[in-house]
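The values are calculated or read from the model by the stated rules, or taken from the named source; none is laboratory data. No experiment lies behind these values; they were computed from the predicted model shown. As a convention, Cβ positions derive from the backbone with ideal geometry for all residues, glycine included, and neighbour counts pool all protein chains shown.
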Amino acid sequence: MKKILLIQPSPYDKNHKPIKKNKLYFVGLAMPLLAAMMPEDWEAEIILEIIEDIPFDTDAELVGISTMGHGVIRSIDIARNFRERGKTVILGGYMASIMAEEALKHCDSLVVGDAELVWHELLKDYQEGRLKKIYEKNLKSGFFSTPIPRFDLIINKKIGNFLPVQAGRGCPNTCSFCSVACMYKGHYIKKPLKEVVRDINQVKELGFKKFLLLDDNIFSDREYLDNLLIEIKNLNMKWMSQCDIRIGKDNELLKKLSDSGCTTLSFGLESISKESLKGMNKSWANPSEYGELIQNIHSHGIDVSTEMVVGGEGDTLQSIRETKKFIEDNKITVPRFYILTPIPGTKFFKDMTEEGRIINEDIYSFDGTEAVHLPKNMSPDELTSAYWKLYESLFTYKSILKRNIFRKEFLKKPRKYLFYSLVNLFYRYQIKNKITPNIF
């Protein structure tokens, strides 16, 4: 029987060692989906590197490696190692898709776009000895379909208490730094509701009481979301997802979200500077409304997690310092920050290149821990320093307690906020070791 090894890599730490954890909470969906599409005469094995070691001596003849965010550097190193051992290596994922020319240097075949659309063709070509260098196909509009993910390949690993489900891909917004915008060009493509319900039911049947709706922005299609919430409510599950902050204006929808079991929403707020948001092609967001919208979301019993970037066109050292107060005042349980980085393939990279503002040409050093472009209102070194100072100031014991324990909701759900506090303490450990906290 033929065998494929599917790898979800772990990013490097500051010492160029793969980050390791005792447990992985946010499990990816790509590898279980591709495993479900393998022919009957193929065996599939999935490796989640952050919690287990990669078997470089595997008997698999084909190796598939995902590329996400700053972990792309590790992905390339893994690919190089397997190719030196004579294995056939396939790269795919967001980073490989938007950096296709570079990714091709490190694999035998590259999948650009949505792998499910070309997977059968790729496997057939491989078996017939005519594997192409690149397979490219993207979802454009309408609906798409997937098989039931092979979660049986990962549920016995050290994972958390929820599994991923996906209802749609893409986002109608086109932020200049975003890899999702590069791939889907402002489109949101949905799965049929019956398939989403099928996938949630599988998670439930496997003994899980919670799922992560892995969409990039569940607020992309209001009518579709309304219908989806009716179905989710009937399943009696707790769930989390992400969307844009304007959902905080819609009380009717927030009530439906809460009634359906939604416990947490993550928002890419990016910056408290309107000028910075404009520079990111995100002028539709109004930071002066953020506090009110977050308060309204909280009032419906939904916790708020945020992702923000520093180094935008309107950011100053003072505005970065003021971000700490914004996070604490709004009781953000788990805030995450990144240095705005011009990833090759994004509009932001093109803009910075044209303006001559990229100061580091080594894209393999773009790990999110230091500035690689010239900001408008500070030096790169000042930006890097301000970034780490912001993180350090928000993950003191005092700030962790202020955001998670000293809040009125704590008495109603103490176990939940104690868990968030533990997540904060782990982030604190990572920050002290100059590791950018990420969703793992």
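Does Ser365 satisfy the criteria of being of a type in the set (Gly, Ala, Ser) and over 22 Å from the mean Cα position of the chain (by Cα)? Considered against the rule, which asks whether it is of a type in the set (Gly, Ala, Ser) and over 22 Å from the mean Cα position of the chain (by Cα), Ser365 comes out as no.
Can you report the number of residues in segment 100-111 which are among the hydrophobic types (A, V, I, L, M, F, W, C) and surrounded by fewer than 22 Cβ atoms within 10 Å (Cβ to Cβ)? Total satisfying the criteria: 2.
Residues checked against (1) touching a residue at least 24 places away in the same chain (Cβ under 8 Å); (2) under 24 Å from the mean Cα position of the chain (by Cα); (3) part of a helix (DSSP H, G or I):
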position: Pro342; (1), (2), (3): yes, yes, no
position: Phe349; (1), (2), (3): no, yes, yes
position: Asn360; (1), (2), (3): no, no, no
position: Glu370; (1), (2), (3): yes, yes, no
position: Lys376; (1), (2), (3): yes, no, no
position: Glu409; (1), (2), (3): yes, no, yes
position: Tyr420; (1), (2), (3): yes, yes, yes
position: Asn424; (1), (2), (3): yes, yes, yes
position: Tyr427; (1), (2), (3): yes, yes, yes
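Leu229 meets the conditions (1) in contact with a Phe, Trp or Tyr (Cβ under 7 Å, 6 or more places away or on another chain); (2) of a type outside the set (Ser, Thr, Tyr); (3) under 24 Å from Glu195 (Cβ atoms) in every case but one. The failed one is (1). Here the condition is being of a type in the set (A, V, I, L, M, F, W, C), in contact (Cβ under 8 Å) with a residue 60 or more places away in the chain and touching a Gly at 6+ places or on another chain (Cβ under 9 Å); of Ala115, Ala167, it holds for Ala115 alone.
Among the residues of this structure, Asp362 does not count as one that is outside the structural domain of His70 (by TED's automatic domain parsing), surrounded by fewer than 13 Cβ atoms within 10 Å (Cβ to Cβ), farther than 30 Å from Ser97 by Cα and of a type in the set (Asp, Glu). When you go through Ala30, Ala35 one by one, which is the residue that is more than 23 Å from Met99 (Cβ to Cβ) and of a type in the set (Gly, Ala, Ser)? Every option except Ala35 fails the conditions. Check whether at least one residue in segment 138-145 is touching a residue at least 12 places away in the same chain (Cβ under 8 Å), assigned to a strand (DSSP E or B) and over 30 Å from Leu24 (Cα atoms), and report yes or no. Yes, segment 138-145 has at least one match.
Restricting to segment 84-122, give me the number of residues that are among the basic types (Lys, Arg) and either under 19 Å from the mean Cα position of the chain (by Cα) or not assigned by TED's automatic domain parsing to the domain that holds Asp57 (or both).
So the answer is 0.
Any residue that is farther than 21 Å from Pro172 by Cβ, not in a strand (DSSP E or B) and not assigned by TED's automatic domain parsing to the domain that holds Asn438 - is there at least one of those in segment 261-279? Yes, segment 261-279 contains a residue that is farther than 21 Å from Pro172 by Cβ, not in a strand (DSSP E or B) and not assigned by TED's automatic domain parsing to the domain that holds Asn438. All conditions but one from (1) more than 18 Å from Ala30 (Cα to Cα); (2) in contact (Cβ under 8 Å) with a residue 40 or more places away in the chain; (3) assigned to a helix (DSSP H, G or I) apply to Asp226; the one that does not is (2).
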